[in-house]
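The structure appears right after this line, and notes come after that.
The values are calculated or read from the model by the stated rules, or taken from the named source; none is laboratory data. Just so it is clear, the structure is predicted and the values come from calculations on it, not from any experiment. Here the Cβ is made from the backbone with ideal geometry for all residues, glycine too, and neighbour counts use every protein chain on show. Note: areas computed on protein heavy atoms with side chains; ligands, DNA, RNA excluded. Shrake-Rupley method; radii C 1.70, N 1.55, O 1.52, S 1.80 Å.
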Amino acid sequence: MTIATSYLTTPIGLLELRGSDAGLEAVRFLDDSAGLNETRTSAVPNCLQEAQRQLRAYFDRELRDFSLTYAVGQGTSFQRRVWELLPTVGFGRTASYLDLARQLDNVGAVRAVGAANGQNPLAIVWPCHRIIGASGQLTGYAGGLPRKKWLLEFERPAFQQSLF
């Protein structure tokens, strides 16, 4: 199965999307345009076209929940369990790593939850940016803390006070 790559310019930087006819495999931030030199297939699978459409709608404030076909081939069973919880944290909301560990019935797994969160292959789509420290502080984000803060502020409902 051929993997295709497409790119999407967003208000917080360039996103690289990878997928095949089986579904979306990865969404990641690029800090420079070096990735644009990669070979791309001529045919862009439907999953990438749909991912681009939904991401544009998200940034236009027209979409809050993603509905895509996924074909993520990586991750341990624990990581996959953590990733499955990420979309349950609603738009404009946050949860802590401890909250996720509790949902997994393993409060001792807070660091493992954090590590799994950091390996999330689908930035924004599986909203790991909504996961914060138990005391409300921003902690690691593969896309960088400025992007995490931007995304949280972007999603913050107008009636809420700033999180930061």
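Observations on the structure shown:
- About its Cα centre, the dipole of the chain is roughly 360 debye, where the only charges are +1 on Lys and Arg Cβ and -1 on Asp and Glu Cβ.
- Mean separation of Cα contacts under 8 Å (6+ apart) over length of the range 77-155, as relative contact order %: 33
- Stokes-Einstein diffusion coefficient of the chain, Kirkwood radius over Cα pairs, 25 °C, 0.890 mPa s, in µm²/s: 149
- Over the range 73-120, the pair-distance histogram of Cα-Cα distances with 10 Å bins from zero comes to 28, 59, 13 percent, rounded to whole numbers.
- Shown for the chain: the carbon plus sulfur share of the solvent-accessible area, taken with all protein chains present and a 1.4 angstrom probe, equals 47%.
- Top of 85, 15, 100 by mean-square fluctuation, Gaussian network on the chain, Cα under 10 Å: 85
- Stokes-Einstein diffusion coefficient of the range 77-155, Kirkwood radius over Cα pairs, 10 °C, 1.306 mPa s, in µm²/s: 130
- Summed over the residues of the range 1-122 and divided among them, the accessible surface reaches 55 Å² per residue at a probe radius of 1.4 Å.
- Only helices enter the 222 nm calculation for the chain: every DSSP H run of n ≥ 4 contributes -39,500 (n - 2.57), and dividing by all residues gives -9000 deg cm²/dmol, rounded to 500.
- In the range 77-155, a dipole from Cβ-located charges (positive for Lys and Arg, negative for Asp and Glu) runs towards its positive end, and of 145, 94, 79 it is 145 whose Cα lies farthest in that direction.
- With the whole protein complex present, residue 84 retains an accessible surface near 130 Å², based on a 1.4 Å probe.
- For residue 69, net neighbour charge (Lys/Arg +1, Asp/Glu -1) across residues whose Cβ lies under 11 Å away: -3
- Relative contact order of the chain, defined on C-alpha pairs under 8 angstrom at six or more residues apart (%): 20
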